[in-house]
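This report refers to the structure that appears directly beneath it.
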Amino acid sequence: MSGNHPINVRGLNHWFGTGEARKQAIFDVNLKVARGSLTVLMGPSGSGKTTVLTLMGCLRDVQDGSICLLGHELMGAGNALNEALRRRLGFIFQAHNLHGSLTAMQNVQMGLQVHHLDDPEAERQAARHALSLVGLADRMDYLPGNLSGGQKQRVAVARALVGNPDIVFADEPTAALDKESGLNVVAMLKKLGELRGTTTVMVTHDNRILELADRIVTLEDGRIVSDTSPVQD
Ligand code: ADP
Ligand code: MG
């Protein structure tokens, strides 16, 4: 049963543009991801990594093929299902996109807005916990301007994790970090996989991170050209 796999992509194709400009970007991608695993997507610029990640993350409509995410088919899914599923996902992008006028704590609380907890104390507690997880317990009241690049990225990680997501999608999350901070962020995601089954799919060009990956999937020209440990049925 595909429900055992948080992500199951079958026969995925995707096109950009219309008319003469219409161009296929993704060709017959098949990818089944195990719960709690850390999968790295690699490949040259323009090979389709971000497109696949955003399709799996309900940030783009599936045009052709199938993506079963947390037991729900995304092909033909409406806004309501996409929104409900996105609440169970965490996103970390290269640009950390923190709000400069909000403290670390308030930025992390933003990650809970979609959850409509309506309980400010519960929100603060969850934000405190997430910031402790990323080692920023003593920086909660700092504004981003007073944090280092690595610390800012860790706030963004805390914001992605605060809602206790089932899956984290990360697009080059360590690009702006020094070696040690980058490895820390990835090691933390890996630990969450072991501790609570959080599944991570991460795009990276960073060779240093590959040792931490459970699996490396390489894309070229919109196709998977290698997969270190394909999941069988
Ligand atoms: P990667 O993340 O591996 O660099 P992308 O998924 O961003 O690759 O892009 C894959 C292909 O799709 C590229 O040829 C890119 O030019 C094209 N593409 C991506 N996004 C768009 C878009 N919004 N409009 C048109 N073409 C796009
Ligand atoms: Mg990209």
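Just so it is clear, none of the values below were taken in a lab; they were calculated from the coordinates. Here the structure is a predicted model, which is why all the values come from computation and not from measurement. No Cβ is skipped: glycine too gets one built from the backbone with ideal geometry, and neighbour counts run over all protein chains shown.
Helix 149-161 and the long axis of the chain differ in direction by around 70°, with both axes built from C-alpha atoms.
Take each peptide in 187-194, 52-59, count the other Cβ atoms within 10 Å of every residue, and average; sorted highest first, the result is 52-59, 187-194. From helices alone, the chain scores -9000 deg cm²/dmol at 222 nm; the rule is -39500 (n - 2.57) for each run of n ≥ 4 DSSP H residues, then divide by the residue total.
Helix 179-196 axis versus longest C-alpha principal axis of the chain: approximately 80°, rounded to the nearest ten. Peptide packing for 25-32, 199-206, 119-126 was compared via the average number of neighbouring C-beta atoms within 10 Å per residue; ordered from the highest value, the list is 199-206, 25-32, 119-126.
Here each label is just a point 7 Å from Cα along the line to Cβ, and for Asp138 and His205 those points are 3.5 nm apart. For Gln106, what is the net charge nearby, where nearby means another residue's Cβ is under 11 Å from its Cβ and Lys, Arg count +1, Asp, Glu -1? After counting each charged neighbour, the total is 0.
Roughly how many nanometres apart are two label points built 7 Å out from the Cα toward the Cβ at Leu195 and Leu102? Taking the simple label geometry, Leu195 and Leu102 are separated by 2.3 nm.
Here Met110 and Glu20 are evaluated by their C-beta separation; at R0 = 35 Å the FRET efficiency comes out at 0.25. What's the angle, to the nearest 10 degrees (0 to 90), between helix 120-133's Cα axis and the longest principal axis of the chain? Helix 120-133 and the main axis of the chain meet at about 80 degrees. The simple Förster model, with R0 at 22 Å and r as the Cβ-Cβ distance, assigns Asn164 and Gln232 a FRET efficiency of 0.15.
For the listed peptides 62-73, 140-151, a ranking on the average number of other beta carbons within 10 Å per residue, highest first, reads 62-73, 140-151. Relative contact order of the chain, taken over Cα pairs closer than 8 Å and 6 or more residues apart, is 29 percent.
A cut-off of 5 Å between modelled amide H atoms, ignoring neighbours fewer than 5 places along the same chain, links Glu220 with Val225. If R0 equals 45 Å, the separation of the Cβ atoms of Ser66 and Ala176 corresponds to a calculated FRET efficiency of about 0.85. Among beta bridges from DSSP that stay inside the chain, the antiparallel ones total about 50%. Given their separation in residues at 0.36 nm each and the Cα-Cα distance between them, Asp221 and Arg10 gain 74.2 nm when the chain is fully extended.
When only the Cβ of Lys, Arg, Asp and Glu is charged (+1, +1, -1, -1), the dipole of region 148-233 relative to its Cα centre reaches about 440 debye. Taking the inverse of the mean 1/r over every pair of distinct Cα atoms in the chain gives a Kirkwood hydrodynamic radius of 18.2 Å.
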